[in-house]
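The values are calculated or read from the model by the stated rules, or taken from the named source; none is laboratory data. In this text the structure is predicted, and so the values were computed from the model without any measurement. Please note: Cβ atoms are built from the backbone with ideal geometry, for glycine as well, and neighbour counts cover all protein chains shown. Only protein heavy atoms, including side chains, enter the accessible area calculation; ligands, DNA and RNA are left aside. Shrake-Rupley method; radii C 1.70, N 1.55, O 1.52, S 1.80 Å.
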Amino acid sequence: MKTNGAAGRLGCSLLVIFVLMAGGWSARAQEHGGPARGGAVISSVAITQAGERASVRVEGEGLQEARAMRMENPNRLVLDFAGTRMAVEKTEIPGVSAPVLGVRLGQYKPTVARVVIDLTTHAEYEVTRDGGGVVILIKGGAALPAAKEDVAAAQTGDSGTQKIPMHFGVAAPRIRASAARRNGKAGRFGAPSLKYALPKELTQPLQALAIPAGKPARPAQEPQPQPQQPAPVVPAAPAAQQAAAPSAPAGTQQAATGPITMASITQGGKYTGEPISVNLKDVDLKDFFRLIHEISGLNVILDPAVKGTLTIVLDEVPWDQALDLVLLNNGLDKQVSGNVLRIATRETFTKEAKVQQEMQKAQQEVVEPVTVTRVLSYAKAKDMEPTLKKFLSARGDIFSDARSNQLIIRDIPSTIPVVDNLLRQLDRKSQQVEIEARVVSASRSFARDLGVQLAFAGTTTNGRNVFGGNQAVGSSTLISPAGVPPPPLTVGGSSSGGGVMPLVYNLAAGAATSGMVFGHRSPNAAVDLFISAAEAKGVGKLLSKPKIITQNNEKATVKQGTKIPVQTMVNNTVAIQLIDAVLKLEVTPQITADGTVYMEVMVENTQIDNGIARVQGVPALDTQSAETKITVPDGQTVVLGGIIVSQQRVDINQVPLLGSMPVIGHLFRRQSVSNSSQELFFFLTPRVIPG
């Protein structure tokens, strides 16, 4: 029947939640009603199967009531025996036919023994006592919908009320009360709630929040590995972690989660809660958080400002992710302290954070500052002063004493441990690096100069025409010997009547190192031919091997050369400045974590350039430089890109037209060839000094 619309559906939904909560409270009361009796032992487990019916019999001494839970995906039945230990050898018993696949046994806790029955389907079961043993009867067949019995259990007797089903991914356990049925009472299925494992981020203690006032922070200890139980732990999903997180010791707190964002919700692997399926419409937020209390086992405290309704449909979503989604959708946030979950609006948390910050600031204002001194061993106090000032409070200050290399710190007592921790990390002995460099400078030069001089003179048969050179070009170096008539055209003369002829062309080699002359004299003609030549070669090599040691991240400089004095005049005052014309190498090493050496290298080679005229006596400088950053393994050598300068020059002076003739043209021209090359290489070998 359809009556009351949405109001009726809301009432049924709240009723179902109430039923689940009531079942959870009764189960928890039974669980914690009294201490578990010790001394019970499970001695044997047997399976009996016939058709689609099966029974599992658990026998032992002093067995108490078993806590039964039904699990799905896959289907299984879990029974926990409190105050009981296992005394069986086989931990796995295979089944023969449906509906039992097998039985697994394990000591879940030192005082809790667990029996897990793997099923093929969602079968009905009944737990009864038979003498000193416990018998679990299982009936096969089609799976029974879990929601059907929940709806039957939640009926209020009003035929006009429509039930809106609410399903959970893990069905509520059902334990048949056979004794009540034998007494004629209506058999009622209990619905004790399951306690799921808390997410890791909700159970890890935050060391910074667990420190008593006035005590320095201690590093968190690594979790110690737990000893393994003799029998393998049976993976029984959430029931294997049913106990809520233990209460934190007095004076300690557990981590409070940060603000919830959509990015944090969508991150994979963050949520570890048991998947649940929820279908709710217009349900009060407070009832939803009561449901979270039943599922997680956390104590939930709501801020008075938390109000509103909730409509949600989720399938197989971890309960902690569902909680974050609801909080995000309603502008809420959460804090976890021990096993207490506090939910409030974001404005409330923001105001509390501001109040806490103001309280801390006020406490700092009333605390009397103290003055301490710290002696540094390796770092310079003046260099450390700007860095440490950033970690002081508003009332703090720091001074450095260069003479004793000490720091004088004045601040509130809570800041001093922070500064001391920084000093322990920063004032450490730096590693040293030895850098061995080889500077190789090589030069090569070659020069060749070939030249020709020609003097010619002659007359015609009648003696009226004379041919010869021009005195302005030059004069032959040959003088007519005695008894030989002078040339028809002569310049000057000697006591014997000889003379020299003017040159037709003068293309002599400069600074000749060899030469040859050919001369011919006759009454009507004379010829003087001079051939001169010069050739030079040069090879130079300069090797420098500087070595220097520097600390990590400290610059090292080595240079070799000349300082050139330069006279300058400023404001009618003559001053002398020294300019470096040196070969310089600067290296800043940095030792990396993998043992290599990262270096910033600057190479500069400055020399006087005599090819450029000086300006007021100041020479020009020829500079070659290179900057690079390289990483070299410890003890290995790297070759920096060398500087290579090569020059080639060919100069030709010739007689027009005649000098361009092939072969014969060499007699009418002068050819000078010069080649030179300079090479500069740097070899670097860094070595990390041990200790």
State all residues of region 285-311 that are out of contact with any helix residue (DSSP H, G or I) (no Cβ under 7 Å at 6 or more places or on another chain), part of a strand (DSSP E or B) and among the hydrophobic types (A, V, I, L, M, F, W, C); if no residue qualifies, say none.
ILE301
Residues (loosely packed, with under 15 Cβ neighbours inside 10 Å, farther than 30 Å from GLN636 by Cβ and of a type outside the set (Gly, Ala, Ser)) located in region 427-465:
THR460, THR461, ASN462, ARG464, ASN465
Please specify each residue of region 293-308 satisfying the condition of being surrounded by fewer than 21 Cβ atoms within 10 Å (Cβ to Cβ) and of a type outside the set (D, E, K, R).
HIS293, ASN299, VAL300, ILE301, LEU302, PRO304, ALA305, VAL306, GLY308
Sole miss for GLU358 among (1) farther than 25 Å from GLN425 by Cβ; (2) modelled with pLDDT under 90; (3) open to solvent by 90 Å² or more (accessible area, probe 1.4 Å); (4) not in a helix (DSSP H, G or I) is condition (4)
List every residue pair whose Cβ atoms sit under 8 Å apart, with the two residues 6 or more apart in sequence or on different chains, where the first one lies in region 85-113 and is within 15 Å of GLY60 (Cα to Cα) and of a type in the set (A, V, I, L, M) and the second, anywhere, is at pLDDT below 85 and open to solvent by less than 50 Å² (accessible area, probe 1.4 Å).
MET86/ALA231; LEU105/VAL88; LEU105/THR91; LEU105/ALA231; LEU105/VAL234
Every residue in region 267-283 that is surrounded by 17 or more Cβ atoms within 10 Å (Cβ to Cβ) and over 43 Å from the mean Cα position of the chain (by Cα), please.
LEU280, VAL283
When every residue in region 23-78 that is among the basic types (Lys, Arg) and modelled with pLDDT of 85 or more is compared, the one most open to solvent (accessible area, probe 1.4 Å) is ARG57
Can you find a residue that is over 52 Å from the mean Cα position of the chain (by Cα) and either modelled with pLDDT of 90 or more or more than 29 Å from SER441 (Cα to Cα) (or both) anywhere in region 544-567?
yes
Can you find a residue in region 113-135 that is acidic (Asp, Glu), at pLDDT 85 or above and under 28 Å from VAL317 (Cα atoms)?
yes
Which strands (runs of 3 or more DSSP E) sit wholly inside region 615-691 and have at least 3 residues that are touching a residue at least 60 places away in the same chain (Cβ under 8 Å) and over 18 Å from TYR505 (Cβ atoms)?
669-689
Within the group PHE668, PHE682, which residue is closer than 19 Å to SER544 by Cα and either in contact with a strand residue (DSSP E or B) (Cβ under 7 Å, 6 or more places away or on another chain) or at pLDDT 90 or above (or both)?
PHE682
If we only count strands (runs of 3 or more DSSP E) wholly inside region 507-594, which ones have 1 or more residues that are within 30 Å of GLN453 (Cα to Cα) and either of a type in the set (Val, Ile, Thr) or touching a Gly at 6+ places or on another chain (Cβ under 8 Å) (or both)?
514-521, 525-544
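In the list VAL433, VAL439, which residue meets the criterion of being in a strand (DSSP E or B) and more than 30 Å from VAL539 (Cβ to Cβ)?
Values: VAL439 fails: more than 30 Å from VAL539 (Cβ to Cβ).
Within the list VAL433, VAL439, the selection yields VAL433.
Sort through THR348, THR373 and tell me the only one that's more than 33 Å from the chain's Cα centre (by Cα) and under 22 Å from ILE301 (Cβ atoms). Write out each step before concluding.
On the way: THR373 fails: under 22 Å from ILE301 (Cβ atoms).
Going through THR348, THR373 in turn, just one is more than 33 Å from the chain's Cα centre (by Cα) and under 22 Å from ILE301 (Cβ atoms): THR348.
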Applying the selection to region 531-580, what residues are among the hydrophobic types (A, V, I, L, M, F, W, C) and closer than 28 Å to SER430 by Cβ?
ILE548, ILE549, ALA556, VAL558
Breaking point among (1) of a type outside the set (Lys, Arg); (2) open to solvent by less than 60 Å² (accessible area, probe 1.4 Å); (3) modelled with pLDDT of 85 or more, for VAL539:
(2)
Within region 543-576, can you find the residues that are out of contact with any Pro (no Cβ under 9 Å at 6 or more places or on another chain), open to solvent by 100 Å² or more (accessible area, probe 1.4 Å) and of a type in the set (A, V, I, L, M, F, W, C)?
LEU543, MET569
In region 425-466, anything more than 60 Å from the chain's Cα centre (by Cα) and among the β-branched types (Val, Ile, Thr) is listed as VAL452, THR459, THR460, THR461, VAL466
Here is a check on your reading of the model: is VAL418 of a type in the set (A, V, I, L, M), touching a Pro at 6+ places or on another chain (Cβ under 6 Å) and at pLDDT 90 or above?
no
Exactly one of these conditions fails for THR311: (1) under 30 Å from ASN73 (Cα atoms); (2) crowded, with 18+ Cβ neighbours inside 10 Å. Give me its number.
(2)
Any idea how many residues of region 580-611 are touching a Pro at 6+ places or on another chain (Cβ under 8 Å) and modelled with pLDDT under 90?
5
